[in-house]
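> My questions will all concern the structure given below.
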Amino acid sequence: MPAISPVPPQHPQLAVSASIFRDGQILLVRRARSPGRGFYSLPGGRVEFGETLHAALHREVEEETALKIEIVGLAGWREVLPATGGGGHYLIMSFAARWTAGEPALSAEHDDFRWLAPDDLGDLKLTDGLREVIQSAKAMFRA
């Protein structure tokens, strides 16, 4: 993974994330560093130049969790704007995915993972919009 520059880019960055379902549960990972340190979210990351969204998603999921997935489809998107005092501008394409192989082995970007029922996330600290993305992804399996 490329080094993260301390100076945020002056243009939006394209990223992907995966709502990974296994036996009716979804995988959440807790961020180990900023931005969002201590918050649970979905595995994912930036799309590299010349990389397709699907290739980026497979790569990011494998780098961050060591899991193999089957992409079901686009579940939605989210825009993250720079906060006061800095931060990046991201357009995150969120996909529904089905676990196919492996057990979670987290990269240094995360310090915890949980397989949870998508309707029972409890009182975990979640990134903004995460519940809605998960519900959209879950609906793709009923279609």
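The values are calculated or read from the model by the stated rules, or taken from the named source; none is laboratory data. Nothing here was measured: the structure is a model prediction, and the numbers come from that model. Here Cβ is always computed from backbone atoms with ideal geometry, including for glycine, and neighbour counts include all displayed protein chains. These area figures cover heavy atoms from the full protein model, side chains too; ligands, DNA and RNA do not enter into them. Shrake-Rupley method; radii C 1.70, N 1.55, O 1.52, S 1.80 Å.
> Please go through segment 106-130 and give me each residue that is loosely packed, with under 13 Cβ neighbours inside 10 Å and out of contact with any strand residue (DSSP E or B) (no Cβ under 7 Å at 6 or more places or on another chain), ordered by number.
Ala108, Asp119, Asp120, Gly122, Asp123, Asp128
> In segment 37-74, what residues are within 16 Å of Leu14 (Cβ to Cβ), outside any helix (DSSP H, G or I), open to solvent by less than 20 Å² (accessible area, probe 1.4 Å) and of a type in the set (Gly, Ala, Ser)?
Scanning segment 37-74 gives Gly44, Gly45.
> On to the next question. Go through Asp111, Asp128, Asp120 for me and flag whichever is of a type in the set (Asp, Glu) and either modelled with pLDDT of 95 or more or not in a loop (DSSP other than H, G, I, E, B) (or both).
Numbers: Asp128 fails: either modelled with pLDDT of 95 or more or not in a loop (DSSP other than H, G, I, E, B) (or both); Asp120 fails: either modelled with pLDDT of 95 or more or not in a loop (DSSP other than H, G, I, E, B) (or both).
From the options Asp111, Asp128, Asp120, the qualifying one is Asp111.
> Look at Arg78 and say whether it is touching a residue at least 40 places away in the same chain (Cβ under 8 Å) and in contact with a helix residue (DSSP H, G or I) (Cβ under 8 Å, 6 or more places away or on another chain). I'd like the intermediate steps shown before the answer.
Details: touching a residue at least 40 places away in the same chain (Cβ under 8 Å): yes; in contact with a helix residue (DSSP H, G or I) (Cβ under 8 Å, 6 or more places away or on another chain): yes.
Yes.
> Here's a follow-up. Hey, any hits in segment 86-103 for a residue that's of a type in the set (A, V, I, L, M), surrounded by fewer than 11 Cβ atoms within 10 Å (Cβ to Cβ) and over 17 Å from Ser41 (Cβ atoms)?
Initial filter on segment 86-103 (of a type in the set (A, V, I, L, M)): 91-93, 96-97, 101.
Filter again for surrounded by fewer than 11 Cβ atoms within 10 Å (Cβ to Cβ), leaving 101.
Within this subset, residues satisfying the condition of being over 17 Å from Ser41 (Cβ atoms) are 101.
Yes, segment 86-103 contains a residue that is of a type in the set (A, V, I, L, M), surrounded by fewer than 11 Cβ atoms within 10 Å (Cβ to Cβ) and over 17 Å from Ser41 (Cβ atoms).
> Which of the residues spanning segment 131-143 are more than 12 Å from Gly76 (Cβ to Cβ) and either of a type in the set (Phe, Trp, Tyr) or open to solvent by less than 50 Å² (accessible area, probe 1.4 Å) (or both)?
Within segment 131-143, Phe141 is the sole residue that qualifies.
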